[in-house]
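Asker: Okay, handing you the structure first.
The values are calculated or read from the model by the stated rules, or taken from the named source; none is laboratory data. Keep in mind the model is a prediction, meaning the values are calculated, not measured. All Cβ positions, even for glycine, are placed from backbone atoms using ideal geometry, and neighbour counts span all protein chains on display.
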Amino acid sequence: MNTYVAFFRGINVGGNNPLPMKTLVAALDSIGARKVRTYIQSGNAVFESAEKSLARLSKQLSAEINKRCGFEQHVHILTLDALSKAIAENPFPEALVDPSSLHLGFLSSSPKSPNLEKLATLRKDSERFLLAEHVFYLHAPEGVGRSKLAANSEKLLGVPMTDRNWKTVCKVMEMAGS
């Protein structure tokens with residue numbers, strides 16, 4: 001069995017795309033996942049599966065959520081190694097003083113032609129970012145809610161992305177290790 005992390009995008013936000021965690025656990029169980037654990041209501045799950053294809057797992061889980069809840073949902077599935085690597089390669093360790101200011105955008109694929117110049121023009125003086133192969137790191141000390149860089153990053157990177165703050169990433173990694 002392999003241990004995986006699932007990050008859902010845009011569920012239980014502002015009353016949109018409601019997905020109770022009990023329903024998420026049941027959906028994961030129905031596609032063969034075992035030892036399912038969830039963290040907060042925004043769609044973070046750790047589970048084990050014999051399936052080796054991340055794309056197949058993502059499609060199966062998305063279809064199961066659609067069947068149960070009536071909406072298509074992007075789910076980004078990572079291996080434990082990929083999550084560990086994203087944590088280890090944090091380019092902004094000084095941001096850990098305020099873990100809510102550091103965000104990791106997990107990309108569905110490597111961007112082919114990201115518009116980094118435009119991203120740089122949207123950046124506030126206090127903000128920093130770095131694009132890695134499958135992770136977009138953003139340090140936004142004034143908050144992502146007011147950040148034009150955060151609001152436009154997915155569009156300018158050109159690939160689907162789901163974002164988590166540092167605290168959530170570390171908590172999910174902790175859950176996965178137990």
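Asker: Of the conditions (1) surrounded by 15 or more Cβ atoms within 10 Å (Cβ to Cβ); (2) closer than 23 Å to Val75 by Cα, Lys155 satisfies every one except a single condition; which number is it?
Answerer: (1)
Asker: Does region 59-78 contain at least one residue that is among the small types (Gly, Ala, Ser), on the phi > 0 side of the Ramachandran plot and over 19 Å from the mean Cα position of the chain (by Cα)? It would help to see each step written out before you state the result.
Answerer: So in region 59-78, the residues among the small types (Gly, Ala, Ser) come out as 62-63, 70.
Still in the list and also on the phi > 0 side of the Ramachandran plot: 70.
Retained after the next criterion (residues that are over 19 Å from the mean Cα position of the chain (by Cα)): 70.
Within region 59-78, one or more residues are among the small types (Gly, Ala, Ser), on the phi > 0 side of the Ramachandran plot and over 19 Å from the mean Cα position of the chain (by Cα).
Asker: Something else now. Does Lys59 qualify as being modelled with pLDDT of 95 or more and either closer than 26 Å to Thr3 by Cβ or among the basic types (Lys, Arg) (or both)? Spell out the reasoning first.
Answerer: Working: modelled with pLDDT of 95 or more: no; either closer than 26 Å to Thr3 by Cβ or among the basic types (Lys, Arg) (or both): yes.
So Lys59 fails the test.
Residues checked against (1) in the same structural domain as Trp166 (by TED's automatic domain parsing); (2) modelled with pLDDT of 95 or more; (3) not aliphatic (A, V, I, L, M):
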| position | (1), (2), (3) |
| --- | --- |
| Phe71 | no, no, yes |
| Asp98 | yes, no, yes |
| Gly105 | yes, yes, yes |
| Ala120 | yes, yes, no |
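Asker: Here is a list of conditions, (1) out of contact with any Asp or Glu (no Cβ under 7 Å at 6 or more places or on another chain); (2) within 14 Å of Ala95 (Cβ to Cβ), and Arg146 meets all of them except one; can you say which number that is?
Answerer: Among (1) out of contact with any Asp or Glu (no Cβ under 7 Å at 6 or more places or on another chain); (2) within 14 Å of Ala95 (Cβ to Cβ), the lone unmet condition for Arg146 is (2).
Asker: Just one of the numbered conditions (1) hydrophobic (A, V, I, L, M, F, W, C); (2) surrounded by 15 or more Cβ atoms within 10 Å (Cβ to Cβ); (3) modelled with pLDDT of 95 or more is not true of Ala88; which one?
Answerer: With (1) hydrophobic (A, V, I, L, M, F, W, C); (2) surrounded by 15 or more Cβ atoms within 10 Å (Cβ to Cβ); (3) modelled with pLDDT of 95 or more applied to Ala88, the lone miss is (2).
Asker: Looking at Ser110, Ser53, which is the one that is closer than 26 Å to Phe129 by Cα, surrounded by fewer than 18 Cβ atoms within 10 Å (Cβ to Cβ) and of a type in the set (S, T, N, Q)? Lay out the reasoning, then the answer.
Answerer: Values: Ser53 fails: closer than 26 Å to Phe129 by Cα.
One residue alone meets the criteria, Ser110.
Asker: If a residue has to be of a type in the set (Lys, Arg) and buried (at least 16 other Cβ atoms within 10 Å of the Cβ) to count, how many in region 158-170 make the cut?
Answerer: Looking only at region 158-170, we keep the residues that are of a type in the set (Lys, Arg), and these are 164, 167.
If we keep only those that are buried (at least 16 other Cβ atoms within 10 Å of the Cβ) too, we end up with 164.
Residues that pass the stated criteria total 1.
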